[in-house]
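Here is the structure we will look at, set down as structure tokens.
Laboratory data are not the source of any read-out in this text; all were calculated from the coordinates shown. A quick note: this is a predicted structure, and the numbers were derived from the prediction, not measured. Here the Cβ positions follow ideal geometry from the backbone for every residue, glycine too, while neighbour counts run over all protein chains shown.
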Amino acid sequence: MKFKKLTAALTALAACASLCVPAMAFAEEADTASSDLTAYLSFMDGGWWANYRYNDGSNLDGTEATITGDGSYTVSVSKSEAVGETVLKGTGFMAILIPDAKESYPDMVITIDSIKTDDTEIPMTAKNYTSSDDTEIRTNIYNSWVKNSKDPENPDVLIYTFPDDARSEEGSLAGGTSATTDYSPVIINPDDLSDWSTLTVEFTITGMNSEEEPDTETESETESESETESVSESETETVSETEAESETEAVTEKQEKTVVGSAYLNFVDGGWWPKYQGGDDDTFAQTPVEVTGNGTYTVSVTAADLDENAIKEGISGVEFMAVIIPDAYEKYSNMVITVDSITADSTEIPLTAKNYTSSDDEKEVRANIYNPWVSKIPTDAHSTEGLLSDLADTSAYSYKIINPEDFAGWKTLSVNFTVSGLDFDKYVEETPADNGNSDNGNNNNNNNNNTNSTSTTKSTTASKSTTTSATAGSTGAESPKTADAAAPFAAAAAAAAAAGALFITRKKND
């Protein structure tokens with residue numbers, strides 16, 4: 001009990017130091033929010049290429065809204081010179097985000113009023129709700145990573161479970177699901193977003209003048225000073241217990257780490273000479289990465305032992321290329337690997353199609369980038385859209401998503417990819433700056449960082465395997481969260497070696 005009182009007293013003093021003094025300045029404009037609050041439309045198109053994430057290297061243009069209090073606002077994203085005449089279709093993620101708003105306005109509610117592509121209004125299939133992710137406040141428009149399960153009566157329908165702080169103008173939605181209410185994290189049909197130049201969302205903010213805000217006009221200066229000097233025992237214990245429980249739960253969640261496997265880039269040059277396949281005769285050095293949950297990662301191969309002349313004259317084309325996670329299929333058959341970009345040195349290689357995720361011998365999980373031995377898309381092929389066999393049109397997907405002629409004279413080849421479809425997010429190392437807050441099933445694309453492993457290894461063990469067609473998998477999990485996580489040298493080397501794989505015998509049926 002003494003520890004709780006001491007903790008709460010320190011918390012209260014810190015809170016007063018940051019809130020009580022500024023509150024005097026806010027007394028004259030109690031109905032006005034901080035000018036630092038900015039709302040924007042976080043957007044990813046259906047091809048997972050065109051995107052707007054405010055301040056994170058986006059290739060679409062966007063207009064934000066400065067939030068000054070309860071009222072109506074508008075945000076938008078538009079085509080830019082970077083995307084040119086590309087036809088924008090569908091969406092992989094869409095939400096209105098207000099960074100750093102949760103602490104000051106925990107009762108804020110965002111209500112979507114309308115969604116338009118150019119002059120065409122998009123029908124809403126459900127009502128939106130408001131929730132938080134770390135320190136931001138958001139409302140999902142299309143977020144298929146929110147925790148979900150299949151409807152037992154209709155397996156094609158997903159039932160979404162709302163996070164604990166989900167709310168609307170009607171009140172709290174905590175504990176509810178999309179099957180029991182009119183609300184959902186998916187309130188549009190992505191097929192309605194097609195060939196647009198500007199995407200606009202109008203919304204209304206309410207709840208900013210909540211009881212959680214300090215009402216300095218009704219407190220005397222004497223009372224304020226008194227509360228700064230002391231906190232009642234009952235308030236001390238309540239605050240202490242609540243914060244202690246919250247911090248304990250958050251720390252426990254942060255400490256959990258699940259290693260899915262060590263991803264690596266299996267690559268063979270067009271001349272069948274420089275290659276990396278996890279064998280003892282590999283020409284390239286490998287940089288694998290430890291996959292620990294939904295998030296973004298980077299794998300690469302480097303011509304470390306070749307001189308410049310050999311690189312310039314010898315490295316050209318592609319005979320085989322795939323991102324592979326050995327021995328991951330048995331536990332994580334629903335995992336999706338989405339190739340985001342491929343870079344040869346500093347040159348980005350254009351993607352000619354979308355990749356899919358499949359298995360090899362029901363052991364490894366892989367994403368083919370260039371595999372000429374595939375005769376047809378396998379039965380277990382899946383993407384963020386679900387099983388490809390369930391799609392009406394699969395023409396956008398291929399086992400060859402690059403042009404081999406774009407590869408010549410490079411020294412380092414890197415592939416950035418996103419893992420989704422798991423029931424847990426990428427492990428985040430505990431840091432002093434991390435407040436430990438986490439949203440139950442909210443995807444934050446605003447903070448994605450590509451992660452490079454710190455180990456560069458060459459495998460010295462080769463193994464052979466044969467392949468069979470795998471059983472079907474499906475998608476649907478919580479959102480990807482991202483942060484750097486290095487792959488330990490031993491784990492990466494062992495996984496790559498165990499995966500081994502003279503791909504000549506294993507890639508044909510995938």
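Summary table below
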{"read-out": "Neighbour-count order for 131, 104, 76, fewest beta carbons within 10 angstrom listed first", "value": "104, 76, 131"}
{"read-out": "FRET efficiency for residue 179 and residue 107, using Cβ-Cβ distance with R0 set to 22 Å, rounded to 0.05", "value": "0.25"}
{"read-out": "FRET efficiency estimate (nearest 0.05) - Cβ-Cβ, residue 85 to residue 406, R0 25 angstrom", "value": "0.75"}
{"read-out": "Contour minus Cα-Cα distance for residue 327 and residue 375 (0.36 nm per residue)", "value": "14.9 nm"}
{"read-out": "Net charge, residue 351 excluded, C-beta distance under 12 Å - Lys, Arg +1, Asp, Glu -1", "value": "-1"}
{"read-out": "Per principal axis, descending, Cα span of region 34-206 in whole Å", "value": "44, 44, 26"}
{"read-out": "Estimated inter-spin distance, residue 204 and residue 256, nm [label 7 Å along Cα→Cβ]", "value": "3.8 nm"}
{"read-out": "Long-range HN-HN contacts of residue 196 with modeled amide H, under 5 Å", "value": "88"}
{"read-out": "Karplus (6.51, -1.76, 1.60) ³J(HN,Hα), θ = phi - 60°, over region 351-363, in Hz, Gly and Pro reported as x", "value": "8, 8, 7, 8, 8, 10, 10, 8, 10, 10, 6, 6, 10"}
{"read-out": "Given charges at beta-carbon only (K, R positive; D, E negative), |dipole| of region 76-172 in Debye", "value": "240 debye"}
{"read-out": "Net charge, residue 338 excluded, C-beta distance under 11 Å - Lys, Arg +1, Asp, Glu -1", "value": "-1"}
{"read-out": "Net charge contributed by nearby residues that have their C-beta within less than 13 Å of residue 90 (K/R +1, D/E -1)", "value": "-4"}
{"read-out": "Nonlocal amide H pairs with residue 261, under 5 Å, H built at 1.01 Å", "value": "291"}
